[in-house]
Structure formats: C-alpha cells, structure tokens
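A.B. asks: Dropping the structure in here first, questions after.
The values are calculated or read from the model by the stated rules, or taken from the named source; none is laboratory data. On a predicted model such as this, the values are computed, not experimentally measured, just so you know. These area figures cover heavy atoms from the full protein model, side chains too; ligands, DNA and RNA do not enter into them. Shrake-Rupley method; radii C 1.70, N 1.55, O 1.52, S 1.80 Å.
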Amino acid sequence: MRHTPDLPKRLTDLTPVVIVGTALWLVALVVLFFTSGGVWVQTCLAGIVLGGIGFGIIFWQRAAARRGSKSAQRL
C-alpha cells in the first residue's frame, strides 16, 4: 500500500478562511448599516459573531495539539 502525501499547510490552514470571512461580514455590516437596516445588519452581526467563534475553535484546537491531547486535530 502506498503512502498518500500530506497536503501543504497553506491548503489545510483555516485561519485565512476565517479571517477573510469575518472581514467580509464586517465590510457588509458597515455598508448595510448606512444603506439599510433591520435584518441585514443583524445577519452581518451574526456572521461576525460566528467568525469569532471560529477563531476560538481554531485557538482551542491548536492549544490542545500543543499540549498533546489525543483527541486534538494535528495541524
């Protein structure tokens, strides 16, 4: 059986994805805050909050991997 090579780090790192996604929600929030309101602004706020949760999960997983937890994803 042949060993499958690991993917490069730049293809498996989720931090840039979370940063870009959260930044896009922030830009949308600023634009929609001044042009409309209501549910769209609340949707943007929810996207920013979910981005923050994403950062927290990434930090949590990296901390678990550093301390050698068996259930942590290897990054």
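Table: residues versus (1) open to solvent by less than 50 Å² (accessible area, probe 1.4 Å); (2) small (Gly, Ala, Ser); (3) assigned to a loop (DSSP other than H, G, I, E, B); (4) closer than 22 Å to Lys9 by Cα.
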position	(1), (2), (3), (4)
Leu32	yes, no, no, no
Val41	yes, no, no, no
Leu45	no, no, no, no
Gly54	yes, yes, no, yes
Ile57	no, no, no, yes
Arg62	no, no, no, yes
Ala65	yes, yes, no, yes
Ser69	yes, yes, yes, yes
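A.B. asks: Would you confirm, using the coordinates I've provided, whether Gln73 is modelled with pLDDT under 85 and either of a type outside the set (Gly, Ala, Ser) or in a helix (DSSP H, G or I) (or both)? Give the derivation first.
C.D. replies: Working: modelled with pLDDT under 85: yes; either of a type outside the set (Gly, Ala, Ser) or in a helix (DSSP H, G or I) (or both): yes.
Yes, satisfied.
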